[in-house]
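None of the figures in this text is laboratory data; all of them are computed from the coordinates on show. In this text, all values refer to a predicted model and were calculated from it rather than measured experimentally. Cβ placement follows ideal geometry from the backbone for every residue including glycine, while neighbour counts extend to all protein chains displayed.
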Amino acid sequence: MIPGGTLPVDSAAPRAFDDPIYVTRPLLPDLQAYVEELQGIWDRRWLTNKGQVHDAFEQALCAYLRISHLSLVSSGTTALMLALRACELSGEVITTALTSPATVNAIRWCGLTPVFADVDPVFLTLDPTAVERAVTPQTAAILGVHVYGMPCDVEALQAIADRHGLRLIYDGAHAFGTAIGGVPVLEFGDATTLSFHATKLFSTAEGGAVAVRDAELKRRIDLLKNLGIQDEATVVLPGINGRMNELTAALGLAGLKLVEAERGRREAIANVYREGLRGIEGLECLDIPPLVRNSQQYFVVRLQAGVHSRDDLWEQLKTFNVFARRYFHPLCSNMLFYRKLPSANPANLLVASRATQEVLCLPLYGNLPLQDATRICEIVRHILRA
Ligand SMILES: *Cc1c(COP(=O)(O)O)cnc(C)c1O
């Protein structure tokens, strides 16, 4: 008997979390470790423009990422703009619509025309066949995105770039530490941009970098990020201010020591999710190919349209205090200012249009207790009645 006036309690319903669980939480060094890095800055009173910490951070990052050249900048968006500018492009840039507005806006900001090509149905990165079809005499470059840390088909894209004489740039905002068969993903293409925004695996609050293989390209980016100033009397390029300051670099230098352990903890959480969500009909975890070392930037599930409603799950998770994110929804091709491009036609982007309705990023950060990940799986099962 239910006592008068009270609602029947669904005993099977998992409990909501007391505090909100967000999709990510930034990795921060111990405050004391950061203060120690700051001490030198206070002593030297040198705050920006190729400071000592900036140079030390640049070197430390090159060593950690196992690359020879990298240029620190003020954000991932600036990194994209500088990489595009440094390649001296004009005309069209083929890219994906399943990305942050930063990718496509940077193309437009450089006076170039974005051309959308569809993505691969499994990996969700640019489909090389679609890219090849999108090439015109106006095409200047391909801008691939290693979305969710999943590497693009780097060999096929390079072959297309070589065949048509195009530049190949990657947005690696999700791919910090991603490697293919032991080779850092930053080794592919002419340039790869990184973002150190607070939501990224490795963060400096705001910040970014451009990784390049060619020393001359790094020299150009270094000039472009500093207003094109070569020396006190000589300005050689119409650059912008894209510099990283010393306080930001210090946060990076202190945080870099923690990133490997953070990645490991995220991997353990991802394994709990994979186990806990196994066998749910119409739900798939984005699988990382065996040869790829994933960055663990996001844990992505896909809810098969027609079986489950992704938006329903996303909304209902909030009632349990779990804030998942629909990266990337809406597609960039659906944004007001790109919608009229011929390549933005949904018929041209069938796979991306479906993916943007199906993807959901579950909370993933090192400090998320494993038992909370287990609880999130139970909540997902409860909502999906699986
Ligand atoms: C975060 C992000 C960016 C932009 O980086 P900011 O540092 O925020 O400017 C670019 N591309 C992708 C895919 C991103 O996720």
message: From the phi angles alone, apply the Karplus equation (6.51, -1.76, 1.60; θ = phi - 60°) to the range 136-148 and give each ³J(HN,Hα) in whole Hz, x where the residue is Gly or Pro.
response: 10, x, 8, 5, 10, 7, 10, 10, x, 10, 7, 5, 6
task: Search the structure for amide H atoms under 5 Å from the amide H of VAL322, placed 1.01 Å from N in the peptide plane, and list their residues when 5 or more places away or on another chain.
output: ILE21
query: Tell me, what ³J(HN,Hα) does each residue in the range 214-229 have, in order and in whole Hz, if you take phi through Karplus 6.51 cos²θ - 1.76 cosθ + 1.60 with θ = phi - 60° and put x for Gly and Pro?
result: 9, 4, 5, 5, 4, 4, 5, 5, 4, 5, 5, 7, 10, 6, x, 7
statement: If one builds a Gaussian network model of the chain from Cα atoms under 10 Å apart, the most fluctuating residue listed among ASP171, ASP30, ASP231 is ASP231
query: If you average the sequence gap of Cα pairs under 8 Å that are 6 or more apart and divide by the length of the range 36-189, what percent do you get for the contact order?
result: 19 percent
message: Quick check: the distance between the Cα centres of the range 28-89 and the range 259-287, to the nearest angstrom?
response: 31 Å
- line: At q = 0.08, 0.12, 0.14 Å⁻¹, the log10 of I(q)/I(0) for the chain from a Debye sum over equal Cα scatterers comes to -0.44, -0.94, -1.22
message: Can you give me the long-range amide H partners of VAL73? Hydrogens built in the peptide plane at 1.01 Å from N, cutoff under 5 Å, separation of 5 or more residues or another chain.
response: GLY208, ALA209, VAL210
message: Over the Cα atoms, compute the radius of gyration (one decimal) and Dmax (the largest Cα-Cα distance, rounded to a whole number) for the range 164-242, in Å.
response: 14.5, 47
- prompt: How much of the DSSP beta bridge set in the range 35-187 is antiparallel, as a percent to the nearest 5?
  reply: 20 percent
- prompt: Using bins 10 angstrom wide from zero, how does P(r) for the range 38-177 break down, in % of all Cα pairs?
  reply: 11, 37, 30, 14, 6, 1
query: Which lysines have a Cα less than 28 Å from the Cα of LYS200, not counting those fewer than 8 places away in the same chain?
result: LYS50, LYS218, LYS225, LYS257, LYS318
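Percent antiparallel among DSSP beta bridges with both residues in the chain, to the nearest 5?
Numbers: 26 of 44 bridges.
Roughly 60 percent of the beta bridges in the chain run antiparallel, per DSSP.
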statement: If one builds a Gaussian network model of the chain from Cα atoms under 10 Å apart, the most fluctuating residue listed among GLY264, GLY366, GLY76 is GLY264
statement: Note on the chain: contact order normalised by length, alpha-carbon pairs under 8 Å, 6 or more apart, percent, works out to 23 percent
message: Whole-Hz ³J(HN,Hα) for each residue in the range 34-43, computed from phi via Karplus 6.51 cos²θ - 1.76 cosθ + 1.60 with θ = phi - 60°, x for glycine and proline: what do you get?
response: 5, 4, 4, 5, 6, 3, x, 5, 5, 5
query: Counting Lys and Arg as +1 and Asp and Glu as -1, each charge on the Cβ, what is the dipole of the chain about the Cα centre in debye, to the nearest 20?
result: 420 debye
- line: Of GLU132, GLU92, GLU216, the most mobile residue in a GNM of the chain (C-alpha springs, cutoff 10 Å) is GLU216
- prompt: Amide H of THR139: which non-local residues (sequence gap of 5 or more, or other chain) have their own amide H closer than 5 Å, using H built in the peptide plane?
  reply: GLU92
query: What is the distance in Å between the Cα centres of the range 313-372 and the range 165-223?
result: 23 Å
